[in-house]
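Visitor: Below is one structure. I have some questions about it.
The values are calculated or read from the model by the stated rules, or taken from the named source; none is laboratory data. Because the structure is predicted, anything quoted here is derived from the model rather than measured. Cβ coordinates were reconstructed from backbone atoms using ideal geometry, including for glycine residues, and neighbour counts include every protein chain displayed.
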Amino acid sequence: MFDTMFNKKRKVFSVAEIKRKIEQYCIYQDRCHKEVEQKMRDYNLIPEAKEMILLDLLKDNFLNEERFAKSFARGKFRIKKWGKQRIVRELKFKEISAYNIKTALKEINEQEYIKTIYTITENRNAVIKEPNIYKRKRKLIDFLMRKGFESELIYKVVEEVTS
């Protein structure tokens, strides 16, 4: 019994099979280098095979950091309603270059951004049951900070929504 627990057979793949699997992984959704490298680590590839697969992915445009950054920024803003600071923080965590982060932020329409912060502030304000105006404002500010909006914008919007 103990032998079967510790000697689990791992399926062995050829480099070509792993390359196809990683291509499918990239086709399903845009990926960054860090995610692809983690996926390759899961397959326990030798460094030469990793390098070869990575170069092929870049050459065949399966892996494109700028495209990833742009779609990440658009998606997180439109779907999760994240602010620019949160998007920048998450992209830095994924080791995206400063140039690509700057390019990605241009994908966010400024009017839509302002409209979104007002909408989520009004919606959150309606949900907060706190009668004390100062505590209410603090809760709104904390919520918007976690969402990743800029502090000067937060204070302006909270002041307008709660007055």
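Visitor: Within the range 127-134, is even one residue within 21 Å of Lys80 (Cα to Cα) and either in contact (Cβ under 8 Å) with a residue 12 or more places away in the chain or not β-branched (Val, Ile, Thr) (or both)?
Guide: Yes, there is a match, as at least one residue in the range 127-134 is within 21 Å of Lys80 (Cα to Cα) and either in contact (Cβ under 8 Å) with a residue 12 or more places away in the chain or not β-branched (Val, Ile, Thr) (or both).
Visitor: When the residues of the range 20-49 are filtered to those that are over 20 Å from Ala69 (Cα atoms), within 24 Å of the chain's Cα centre (by Cα) and part of a helix (DSSP H, G or I), which remaining residue is modelled with the highest pLDDT?
Guide: Step one: list which residues in the range 20-49 are over 20 Å from Ala69 (Cα atoms), which gives 20-21, 40-49.
Those still in the list that are within 24 Å of the chain's Cα centre (by Cα) too: 21, 40-43.
Narrowing further to those that are part of a helix (DSSP H, G or I): 21, 40-42.
On the way: Lys21: 92, Met40: 89, Arg41: 88, Asp42: 87.
Taking the candidates together, the pick is Lys21.
Visitor: Then there is this: Report every pair of residues separated by at least 6 positions or lying on different chains whose Cβ atoms are under 6 Å apart, first residue within the range 84-103 and over 15 Å from Arg31 (Cα atoms), second of a type in the set (Lys, Arg).
Guide: Ile87/Lys76
Visitor: Looking at the range 58-156, what helices (runs of 4 or more DSSP H) fall wholly within it and have at least 2 residues that are exposed (fewer than 13 other Cβ atoms within 10 Å of the Cβ)?
Guide: Those helices (runs of 4 or more DSSP H) span 84-93, 98-105, 110-127, 133-147.
Visitor: Let me ask you something else. Output the qualifying pairs, or none if there are none: Cβ atoms under 6 angstrom, residues six or more apart or on different chains, first residue in the range 48-67 and more than 20 Å from Ser14 (Cα to Cα), second residue charged (D, E, K, R).
Guide: Hits for this filter: Arg67/Asp30.
Visitor: Can you report the number of residues in the range 128-161 which are over 26 Å from the mean Cα position of the chain (by Cα) and not aliphatic (A, V, I, L, M)?
Guide: 12
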